[in-house]
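The structure appears right after this line, and notes come after that.
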Amino acid sequence: YWDRKDGPLPDRHAFKSFGQELQISDVRESDAGDYECLGLNTESQQRATKAFQAPSEVSLTGKE
């Protein structure tokens, strides 16, 4: 389960690898924020979470 702590997920998001990966197309500055992945296990009541922060600035460089 994916969540964005400071607002809704961007409408350009998609889930990959059976929901294990979050992909955001056409990343924008407004996509910056705290995202969290929550894993549930049918064998245990314990939850596993992993949070990360998307940067507010993205720098792209290319080689000639």
Query - In the range 10-64, residue modelled with the highest pLDDT [restricted to those that are touching a strand residue (DSSP E or B) at 6+ places or on another chain (Cβ under 9 Å) and of a type in the set (Ser, Thr, Tyr)] - result: Ser25
Query raised in the report: Of the residues that sit in the range 2-17 and are out of contact with any Asp or Glu (no Cβ under 9 Å at 6 or more places or on another chain) and in a loop (DSSP other than H, G, I, E, B), which one is surrounded by the most Cβ atoms within 10 Å (Cβ to Cβ)?
Result: Gly7
Report summary line: In the range 18-41, residues that are part of a strand (DSSP E or B), surrounded by 12 or more Cβ atoms within 10 Å (Cβ to Cβ) and not β-branched (Val, Ile, Thr) total 8
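The values are calculated or read from the model by the stated rules, or taken from the named source; none is laboratory data. Quantities reported herein were computed from a predicted structural model and do not represent experimental measurements. We place every Cβ from the backbone using ideal geometry, glycine too, and count neighbours over all the protein chains shown.
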